[in-house]
Amino acid sequence: MDTNYYSPTHLVDPAVIPQQPQDLIQEWSLRNLTLATMTTEDTVKFMAQRKLLANSSTCEACNRLRTIHQNPAKTDTIIWECPNRQCRSRKSIRGGSIFSESQLSLVQLLTFMSCWAEEYPLSQCNKESGGMAEHTQTHWGLMWRGLCEDWLIAHSSQIGRITLDNNHNIVPKIMEIDESCYMKSKRSYH
Ligand SMILES: [Zn+2]
């Protein structure tokens, strides 16, 4: 168990994870993001707090919460493991996340994602995040674009430029969906 995490079974305190979508809307400069993710541990906590990684893992066979185990040989440095001695099933902390199939470090993926949301050219997203193969850069560019498009289609009745009122509630303004809306919305939904 790594004592730097919240508990043996949770990466961060569940109370710090926003429940409302509007509370996940945040502005991060690249510099502040870098400062907040200086270590792998910082990065894991940052991502768990923003629902980019699951905060806990349940062993389906035993119906028990897995615990955090050091796994220094692996990029993420920790892994989930079932506490049942007869089971000991393991799962990557990326399990079930969009990052589960990637070999890149979480901080690299997070940096790339942030640069993409800032509308940097893909080559610059690649450079700022530490470098990756061109086909990997293309894969992640298409991935984020596809996810945003899926979300926009699923929420098509509410699509508009989102603004926040004084109580930080989302105030959607309905607008007609067309190509230009998709482009505006990409900028709106960081
Ligand atoms: Zn188990």
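None of the figures in this text is laboratory data; all of them are computed from the coordinates on show. Since we're looking at a predicted model, the values are computed, not measured. Here the Cβ is made from the backbone with ideal geometry for all residues, glycine too, and neighbour counts use every protein chain on show.
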Original post:
How about the stretch 54-84: which trypsin sites (Lys or Arg not before Pro) there lie in a loop by DSSP and see at most 13 other Cβ atoms within 10 Å?
Top reply: LYS74
**OP:** Mind checking which of ALA15, LEU106, HIS69 is farthest towards the positive end of the stretch 14-154's charge dipole, using Cβ charges of +1 (Lys, Arg) and -1 (Asp, Glu) about the Cα centre?
**Re:** HIS69
Original post:
Can you work out ³J(HN,Hα) from phi for every residue in the stretch 100-114, in order, using Karplus 6.51 cos²θ - 1.76 cosθ + 1.60 and θ = phi - 60°, giving whole Hz and x for Gly and Pro?
Top reply: 4, 8, 8, 8, 6, 5, 4, 5, 5, 5, 5, 5, 4, 4, 5
**OP:** Take every Cα-Cα distance within the stretch 1-134, group them into 10 Å bins from 0 onward, and report for each bin the whole-number percent of pairs it holds.
**Re:** 12, 40, 33, 13, 2
Original post:
So what is the diffusion coefficient of the stretch 1-78 in µm² per second by Stokes-Einstein at 4 °C and 1.567 mPa s, using a Kirkwood Rh over Cα pairs?
Top reply: 94 µm²/s
**OP:** Return the long-range amide H neighbours of ASN71 (sequence gap of 5 or more, or a different chain), with a cut-off of under 5 Å between placed amide H atoms.
**Re:** ILE78, ILE79
